[in-house]
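Below: one structure, written as structure tokens.
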Amino acid sequence: MESAASKSAQLTANAAEALPAGALEAKLELAEKEGRQLRVKLGLDPTAPDIHLGHSVVLTKLREFQDQGHRVVLIVGDYTARVGDPSGRSETRPVLTTEEIVANAASYEAQAGRILDQDPERYELRYNSEWLDMSMADLLTLVRTTTVAQLLEREDFANRYRSGAPISILELLYPLMQGYDSVAIASDVEIGGTDQTFNLLLGRDIQRHYGMAEQAVMTMPILTGIDGVEKMSKTKGNEIAIEASADEMFGRTMRLPDEAMAGWFDLLAIPSPPDVTGPRDTKVALSKAIVTRFHDAAAADRAEAQFVSQFVEHEIPEEVDTFRFEASGGSIHLPMVLAEAFGISRSEARRLVEQGGVKVDGDAVDSCDLDVSAELLSGAVVQIGRRRFKRFEPNR
RNA sequence: GGCGGGAUGUCCGAGUGGUUAAAGGAGACGGGCUGUAAACCCGUUGGCUCUGCCUACGCAGGUUCGAAUCCUGCUCCCGCCA
């Protein structure tokens, strides 16, 4: 039997922090002694419908807990989403409608299932509206646990307060609500990104006020987006969704700046290839590993081949969507048909032609020829830039 | 309750009567280059029936030959003092 110490060491291997020191190990020991599972909590913020690689870091960590026999309690923050987590933000989040939240939550659960073990013995899903839709009296009890000074210790609040930027009461309430989630589900461990450290630790205080054992806290480093700088997030458009196609996953990973690769290997728990290879090959290996994880090895090979053909050798891809155009007249006004085919405005189409960005069967269109013959387009592959293709077929 | 600040294009943010479709930055897109959908360089970035026209600087009016810029009212947001 493995010791609690070694299990703890294993779990914290690529974590940022495990707080307070020794707490996780103590929890593991306790669980073993009492012969029970640990309840490991993760709060999900259903403000965007897609799970991306950033979420996968934490979810994969939860999976490790499951593989050691523990129980993951996923909390869909359907109620807290009405408040908006201010973590790391300089402004108040927009509030979602109930319908959006419900739809996002459903999609979240389905996607989380790709990483987590959904065996009911080891998996529990809860919505925090279940307990946060509380009476005023209960809210007052909750609010009594914490002071404004405590909340203002949090870096983003402190910064905003100092600079005279607005802080809404709603936002101050968020950490309290999240902490109450820990009370409601009696969590033993809570996991989150390093930007959650304050909230996770406050959860301990709140549990204590309610006379409960305090949770251990584990934070995971934040995965950068494909820009290699900012936190991966849908809003910034630098994410790789775990539902993305193999080609998209591969290509987007190839966009990652070389310097950011090491962090990705570490956080995504992908073994680094031998360092005899150059950065290009390293990045290819990373891309293939990611595609393999969410699709399979064959898909990774195909994605690589596709990438090489399209972006290295600049070939027209084999499979191109067909666009049917009206070829009744003899000549076609290019901006019009491009706008229709690619969903851009005619002005934009005109600009693209002027910049030499439009190719028909590989040849750039002359900017003087805004009207072309229908025959030229018939059966041709029209290309905008390096990434957008459509096969034109006359509509007859 | 009092005082003050603010609302500009996808975002941030200049601009206080006239070459302003609106500086600058970010983002995005196109081209070049490249191991790369990286970096770097160049360019573009409201729409259209495109040597011109239309729409746009919170909303509604007004002044003016002419307003994002001045005036009036309204809506919303924020800070400070009490």
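The values are calculated or read from the model by the stated rules, or taken from the named source; none is laboratory data. What you see is a predicted model; the values in this text were computed from it and never measured. Note that we place each Cβ from the backbone using ideal geometry, even for glycine, and neighbour counts take in every protein chain shown. Please note that ligands, DNA and RNA were not included when accessible areas were found on the heavy atoms of the full protein model with its side chains. Shrake-Rupley method; radii C 1.70, N 1.55, O 1.52, S 1.80 Å.
The set of residues in region A:325-339 being out of contact with any Lys or Arg (no Cβ under 9 Å at 6 or more places or on another chain) and either within 13 Å of RNA strand B (Cβ to nearest atom) or at pLDDT 85 or above (or both) consists of A:Ile332, A:Val337.
Criterion applied to A:Asp227, A:Asp188 was being of a type in the set (Asp, Glu), out of contact with any Ser or Thr (no Cβ under 8 Å at 6 or more places or on another chain) and outside the structural domain of A:Gln10 (by TED's automatic domain parsing), and the one residue passing it is A:Asp227. Among the residues in region A:315-327, are any surrounded by fewer than 16 Cβ atoms within 10 Å (Cβ to Cβ) and among the aromatic types (Phe, Trp, Tyr)? No, region A:315-327 has no match at all.
Residues in region A:211-229 that are out of contact with any strand residue (DSSP E or B) (no Cβ under 8 Å at 6 or more places or on another chain) and buried (at least 16 other Cβ atoms within 10 Å of the Cβ): A:Glu214, A:Ile226, A:Gly228. Specify the residue that is surrounded by the fewest Cβ atoms within 10 Å (Cβ to Cβ); the eligible residues are those in region A:230-267 that are part of a loop (DSSP other than H, G, I, E, B) and β-branched (Val, Ile, Thr). Going through the qualifying residues, I end up with A:Thr235. Sub-7 Å Cβ pairs linking a first residue in region A:224-238 that is near RNA strand B (Cβ under 10 Å from one of its atoms) to a second residue that is open to solvent by 20 Å² or more (accessible area, probe 1.4 Å) and assigned to a strand (DSSP E or B), at least 6 apart or interchain, are A:Gly225/A:Lys231; A:Glu230/A:Thr224, ordered by first then second residue. Within region A:156-193, work out how many residues are in contact with a Gly (Cβ under 9 Å, 6 or more places away or on another chain), assigned to a helix (DSSP H, G or I) and not hydrophobic (A, V, I, L, M, F, W, C). Final tally of qualifying residues: 9. Out of all the residues in region A:268-280, is one or more part of a helix (DSSP H, G or I) and either over 26 Å from A:Asp361 (Cβ atoms) or not assigned by TED's automatic domain parsing to the domain that holds A:Asp366 (or both)? Yes, that holds for at least one residue.
Report yes if some residue within region A:282-300 is assigned to a strand (DSSP E or B) and buried (at least 18 other Cβ atoms within 10 Å of the Cβ); otherwise report no. No, the conditions are met nowhere in region A:282-300. Summed over region A:21-67, residues that are over 15 Å from A:Gly192 (Cα atoms), among the acidic types (Asp, Glu) and surrounded by fewer than 20 Cβ atoms within 10 Å (Cβ to Cβ) total 5.
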